[in-house]
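The values are calculated or read from the model by the stated rules, or taken from the named source; none is laboratory data. Just so it is clear, the structure is predicted and the values come from calculations on it, not from any experiment. Cβ sites come from the backbone with ideal geometry, for glycine too, and all protein chains shown count toward neighbours. Heads up: the accessible areas ignore ligands, DNA and RNA and are worked out on the full protein's heavy atoms, side chains in. Shrake-Rupley method; radii C 1.70, N 1.55, O 1.52, S 1.80 Å.
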Amino acid sequence: MTKREKQVYQKTLLAQKEKIVKKLSQLSTESKEVETDIAQDLVDKAESSYTKEFLLSLSDSEREQLRLIDDALRRLPTKEFGICQMCAKDIGKKRLAALPWTPYCIDCQQKKEESI
Ligand SMILES: [Zn+2]
């Protein structure tokens, strides 16, 4: 993967993150219960109470996507980015362009969804 390609993915990831953050600021401040382990994990790791409040006010799917985006941003400077976290094969370029935060190739994603 070229440096240029990574820059494009980074831009997309940051834009998507901003979209979720902006959406949140437009939402009412009604509190939502935290039910998932992922959410609890994020909240536990959150350093400031502001971050905690922010995470608690997101829906589960938004929280999950935010988590995936942050993970992808962490992987971006490494060789791991663009590699399936399950089978270690390359994630297709088309798939990465559409979902740069995805940690799995299309095959593993399907297997994962089937197993639920
Ligand atoms: Zn895979």
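Using a 1.4 angstrom probe, figure out how much accessible area region 62-116 has per residue, in square angstrom, rounded to the nearest whole.
62
With a Förster radius of 25 Å, plug the Cβ-Cβ distance of Lys22 and Asp70 into 1/(1 + (r/R0)^6) and report the FRET value to the nearest 0.05.
For R0 = 25 Å, the calculated efficiency reads 0.90.
Order Arg75, Arg4, most accessible first, counting only protein heavy atoms with a 1.4 angstrom probe.
I get Arg4, Arg75, largest accessible area first.
Quick one: ranking Lys11, Lys6 by accessible area, 1.4 Å probe, largest first, what do you get?
Sorted by accessible area, descending: Lys11, Lys6.
Determine the order of Thr78, Thr2, Thr102 by accessible area, beginning with the largest, at a probe radius of 1.4 Å.
Thr2, Thr78, Thr102
Can you list residues from other chains, or at least 5 along the same chain, whose modelled amide H is less than 5 Å from the amide H of Ile83?
Long-range HN contacts for Ile83: Ile91.
Taking 7 Å along the Cα-to-C-beta vector as the label spot, tell me the Ser115-Asp60 distance in nanometres, rounded to one decimal.
With each label placed 7 Å out from Cα toward Cβ, I get 1.9 nm.
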